[in-house]
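Structure first, then comments.
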Amino acid sequence: MDKLINDFSLGLFFWASIIFVGLVLLLKKFAWKPILDAVNTREEGIRNALLSAENAKKEMQNLKSDNEKLLADARAERELMMKEAREIKDKMINDAKTEAQAAGEKMISQAKAAIESEKNAAMADIKNQVSSLSLEIAEKVLRDELSNKDSQTKLVEKMLGDAKLN
């Protein structure tokens, strides 16, 4: 540092200062404006990129909320469709049960009617058989009784006696 102070020259200092000031003025006139314009352009580009990124982020959030809403709507619609399908299934089962029960009751009533008609037919057949057997027995008894003359007389008297009582 001593050497610097010992070698100090006022003229050299003067000319160095003028050259420095001239250089600063030249730089200001020709270099500062393009450098500042480039820096401002770069700054504007970064600002626009940040705004675009922020807008994209907001748009992504909007899309995400729209997707969630669509998913919720789809889930609700699926649940509604499942509920309707269950209701239709239950209705079909109940209708089938009702139809089966009605068909069963109809078959039972038809079977009862068939049984009743068969019973009546059987009863009529039994009555016919009993009456025909009764007639055959009566005919055989009367033949036996009418074959003997004493028996015929007793039968006629008995019948006359019964007729008087009535």
Seminar exercise, completed: Residue hits (the range 77-113; open to solvent by 90 Å² or more (accessible area, probe 1.4 Å) and either β-branched (Val, Ile, Thr) or not in a helix (DSSP H, G or I) (or both)) are 88, 108
Exercise. Is at least one residue of the range 25-39 surrounded by 10 or more Cβ atoms within 10 Å (Cβ to Cβ) and either of a type in the set (Asp, Glu) or under 60 Å from the mean Cα position of the chain (by Cα) (or both)?
Worked result: yes
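The values are calculated or read from the model by the stated rules, or taken from the named source; none is laboratory data. Being a predicted model, the structure only gives us computed values, none of them experimental. Cβ: placed from backbone, ideal geometry, glycine included. Neighbour counts: every protein chain shown. When the accessible area is computed, the model is the full protein with side chains, heavy atoms only, and any ligands, DNA or RNA have been set aside. Shrake-Rupley method; radii C 1.70, N 1.55, O 1.52, S 1.80 Å.
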